[in-house]
Amino acid sequence: MTEHRIVNPPELPEPSGFAHAVVAAPGRTVYLGGQTGAGETLADQFDAAAAALVAALRAAGGAPDNLVSLVIFTTDMAENRASSRQVGEVWRRHFGRRYPAMALIGASALFEPDACVELMGVAVVPE
């Protein structure tokens, strides 16, 4: 199985918690719909949303290492920054230490009124 290749050009700042680019191995592309999760804190919601995203990916025949892109939407950027350590622990539990190309986007609201985080991704499942 060919793995996706992470690309972090030396002329760009060293990434932390994301990759600047991912060259996807040949395979089937899986588009993962936005996932939210219940919880008291942003980290709790991130945990539930990540579990749902991984469940959808596995149902499509993939695994967390197949993620090539992930967009995180949050309604509370300050809480996201403040809980980065807890979110990092949750990340490693669901996705390991591999980071796809990612974006963190502040949003005024999400579809679920109590949600403060939503994850949406793209995976390529190698042939």
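The values are calculated or read from the model by the stated rules, or taken from the named source; none is laboratory data. Just so we're clear, the structure is a prediction, and the values are computed from it rather than from any experiment. Every residue, glycine among them, receives a Cβ derived from its backbone with ideal geometry; neighbour counts consider all protein chains shown. In case anyone asks, the SASA skips ligands and DNA or RNA and just uses the protein heavy atoms, side chains included. Shrake-Rupley method; radii C 1.70, N 1.55, O 1.52, S 1.80 Å.
Among the residues of region 3-16, which ones are in a loop (DSSP other than H, G, I, E, B), open to solvent by 40 Å² or more (accessible area, probe 1.4 Å) and in contact with a strand residue (DSSP E or B) (Cβ under 7 Å, 6 or more places away or on another chain)? Steps first, please.
Step one: list which residues in region 3-16 are in a loop (DSSP other than H, G, I, E, B), which gives 3-4, 8-16.
Add one more test, that the residue is open to solvent by 40 Å² or more (accessible area, probe 1.4 Å), and what stays is 3, 8, 10-14, 16.
Hit for region 3-16 is N8, nothing else.
With the structure loaded, tell me whether A19 is farther than 17 Å from R98 by Cα, surrounded by 12 or more Cβ atoms within 10 Å (Cβ to Cβ) and among the small types (G, A, S) or whether it fails that test. Break it down stepwise before answering.
Numbers: farther than 17 Å from R98 by Cα: no; surrounded by 12 or more Cβ atoms within 10 Å (Cβ to Cβ): yes; among the small types (G, A, S): yes.
In short, no.
Looking at region 22-36, which of the residues that are open to solvent by less than 40 Å² (accessible area, probe 1.4 Å) and in a strand (DSSP E or B) is farthest from A60 (Cα to Cα)?
By that ranking, first place goes to V22.
Starting from region 94-121, take each residue that is under 19 Å from A38 (Cα atoms) and list its partners that are part of a strand (DSSP E or B) and of a type in the set (D, E, K, R), counting only C-beta distances under 6 angstrom and pairs at least six apart or across chains.
Every condition considered, the pairs that remain are L110/E118.
Which residue pairs have Cβ atoms closer than 9 Å, lie 6 or more positions apart in sequence or on different chains, and pair a first residue in region 59-78 that is over 13 Å from A109 (Cα atoms) and open to solvent by 20 Å² or more (accessible area, probe 1.4 Å) with a second residue that is part of a strand (DSSP E or B) and among the charged types (D, E, K, R)?
So the pair list comes out as A60/R28; G61/R28; V71/E118.
Anything in region 39-58 that is of a type outside the set (A, V, I, L, M), open to solvent by 20 Å² or more (accessible area, probe 1.4 Å) and within 18 Å of E89 (Cβ to Cβ)? List them, or say none.
Going residue by residue through region 39-58, those that are of a type outside the set (A, V, I, L, M) are 39-41, 44-47, 58.
Restricting the remaining residues to those that are open to solvent by 20 Å² or more (accessible area, probe 1.4 Å) gives 39-41, 44, 47, 58.
The answer is G39, E40, T41, D44, D47.
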